[in-house]
1. Under the condition of being touching a Pro at 6+ places or on another chain (Cβ under 8 Å) and among the acidic types (Asp, Glu), which residue from region 484-507 is farthest from ALA348 (Cα to Cα)?
2. When only residues in region 253-280 that are outside any strand (DSSP E or B) and aromatic (Phe, Trp, Tyr) count, which is nearest to ARG311 (Cα to Cα)?
3. Residue under question is ILE254, and the condition is that it be aliphatic (A, V, I, L, M), under 18 Å from CYS522 (Cα atoms), crowded, with 16+ Cβ neighbours inside 10 Å and at pLDDT 85 or above; does it hold?
4. State which residue is modelled with the lowest pLDDT when the search covers only region 61-92 and only residues that are open to solvent by 50 Å² or more (accessible area, probe 1.4 Å) and farther than 22 Å from PHE256 by Cα.
5. Quick test of your reading of the structure: THR466 fulfils all but one of (1) among the polar types (S, T, N, Q); (2) at pLDDT 90 or above; (3) open to solvent by 20 Å² or more (accessible area, probe 1.4 Å); (4) under 29 Å from HIS355 (Cβ atoms). Name the failing condition by number.
6. Take the conditions surrounded by fewer than 15 Cβ atoms within 10 Å (Cβ to Cβ) and either under 34 Å from the mean Cα position of the chain (by Cα) or of a type in the set (A, V, I, L, M) (or both) and apply them to GLU128. Does it pass?
7. Given the structure, is ASP393 touching a residue at least 24 places away in the same chain (Cβ under 8 Å), open to solvent by 40 Å² or more (accessible area, probe 1.4 Å) and assigned to a loop (DSSP other than H, G, I, E, B)?
8. Identify all residues within region 437-463 that are in contact with a strand residue (DSSP E or B) (Cβ under 9 Å, 6 or more places away or on another chain), open to solvent by 10 Å² or more (accessible area, probe 1.4 Å) and assigned to a loop (DSSP other than H, G, I, E, B); write none if there are none.
Amino acid sequence: MSDLIVHVLLPSWWEVQVTVLASVFVITSYWFFFTNHSNCSRHDDDPHSTTNTSIHPSSLLLQDDNHKIGGDDQNSAYLIKLELLAAKNLIGANLNGTSDPYAIITCGSEKRFSSMVPGSRNPMWGEEFNFSVDQLPAQINVTIYDWDIIWKSAVLGSVNVTVERETQTGAIWYTLDSSSGQVCLHIKTIKLNLNSSRRVTIDKQGPTVVHQKPGPLQTIFGLHPDEVVVHSYSCALERSFLYHGRMYVSASHICFHSNVFSKQMKVIIPFGDIDEIRRSQHAVINPAVTIILRMGAGGHGVPPLGNPDGRVRYKFASFWNRNHTIKALQRATKNYHAMLEAEKKERAESALRAHSSSIKGSKRVNKIVQDIPKPEKFQAFIKEEAIIGISNDTFPWTAEQFFNLLSDDSTFTNEFRSLRKDTSLNIGQWHVADEYDGQVREITFRSLCHSPMCPPDTAVTEYQHTVLSPDKKKLVFETVQQPHDVPFGSHFEIHCRWSLVNNDGDTCTIDIKAGAHFKKWCVMQSKIRSGAINEYKKEVELMLEVTGKCIKSQTSDADNNVTLQAPSSVTQDSGS
């Protein structure tokens, strides 16, 4: 009985040998895989690498210095259109003598991925890639890789092409710097019209960085701090097989990250590059979403799938609810384009306000004019929906007295800014603007910052607008402040309105409203809005105090002048 129990419980010598050999094989395979991947990762992350053969394609994410990965033709002097037509006689990297080639095209800081052609040494692409450059000559690098499911993609060859002038080449075959292979490219260079294409940016973002906890868009994809995840979905990217990962959707990008078999895959798709989002299927029964990019956009981060019409695409499957996801993606795309239109309108209004406030010469006046011919309709100087009431009280002066304090001859603004310890004050002249009722002017200064997130001081441009009624009993004084050096300074403006209405006697009621108007969305809107209102409340208290002192001083000076003139008139009467 004991022999039977020992025979059942203890393994045989053959079973021990098989177990040991299997364990050794598993440990050796894991060690080999882990060591090879670690070496690839270290080599890929080396910024001083001098050869293109060490670049890991999954780490070649397009870095966005301007917050926009899709490339902005408006900020460049030349547009280079490169058409990747085909390649021939490539190196056979697979065991069967073929390759799975795809290309990475680099021009300056911009990188684009072509689609992958499976099982071919003579691939046909017919895909277009657009690059924006400030000046010529420009260097273009085309590197062809062999796609691998698990291991590092092998380099099949590369070539550098220099674009020296505005021209159009035919279809030219370029020899790769490898033992075999050529690539066919067609390059067209177009000079852009700077007046119509180059965008003039009035608002300048300061160098200050907001220190906040980074999210997945920052830690994984390296996007700007104001990019936050709006939606996220569990899904899979279709390649040779499904790479399961997670999709992140922000206001400007659709991102995907996967880590299967320690192979990192990152895709960053700007909404500006998306041409169409449609329903599709994977393996008949698996609902999928296909994102088709516009012509010339190219892939970002991972080789996309090809399309007969030349537009590349990314296909995602294995959603929990495909219909819900595609509706959310289409809605996000619509919101992105609406946001672009709103930002375009805001830039136009800001440019109009800045242009009108800085006009001098024939329209300049030395004194604020009350009677101004009124056209049928004027532009609104501030955004009514952005301001809220912060003060409403009665004060012992009239609307006309406050109006006179704002004149070019008054020292009121200098005294007020001096008490606030503002520096580098530059006050423009009041003048008529065709777009706005009343008078406008521009002042600039450097103001102290009290927020821990801001620098010690910041440059500020303030546009002022004032309208006095014909009977001089009502006054509207509006200001728009644009800070330049604070975090997200180009995203918002401080809008304020002072409404003064005379009461019986020498008093008036002043209603003051203020608020932050956001020209585009940013992650800290609520904090910026509350901080701006609190800061402006302090400014209002000081401004009202200075106003009372100045008007009191002017009134006492006027009384002294009357007293001095009275004895003179009495002397003249007695002499007569």
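1. That would be ASP506.
2. Among those residues, the one meeting the criterion is PHE271.
3. Numbers: aliphatic (A, V, I, L, M): yes; under 18 Å from CYS522 (Cα atoms): yes; crowded, with 16+ Cβ neighbours inside 10 Å: yes; at pLDDT 85 or above: yes.
So ILE254 fits the description; yes.
4. Here the residue is ASP73.
5. Going through (1) among the polar types (S, T, N, Q); (2) at pLDDT 90 or above; (3) open to solvent by 20 Å² or more (accessible area, probe 1.4 Å); (4) under 29 Å from HIS355 (Cβ atoms) one by one, THR466 breaks only (3).
6. no
7. no
8. If the condition is that a residue be in contact with a strand residue (DSSP E or B) (Cβ under 9 Å, 6 or more places away or on another chain), open to solvent by 10 Å² or more (accessible area, probe 1.4 Å) and assigned to a loop (DSSP other than H, G, I, E, B), then ASP437, CYS449, CYS454, PRO456 are the ones that fit.
The values are calculated or read from the model by the stated rules, or taken from the named source; none is laboratory data. These numbers were taken from a predicted model, which means no experiment stands behind them. We place every Cβ from the backbone using ideal geometry, glycine too, and count neighbours over all the protein chains shown. Areas reflect the complete protein model, heavy atoms only, side chains present, ligands, DNA and RNA absent. Shrake-Rupley method; radii C 1.70, N 1.55, O 1.52, S 1.80 Å.
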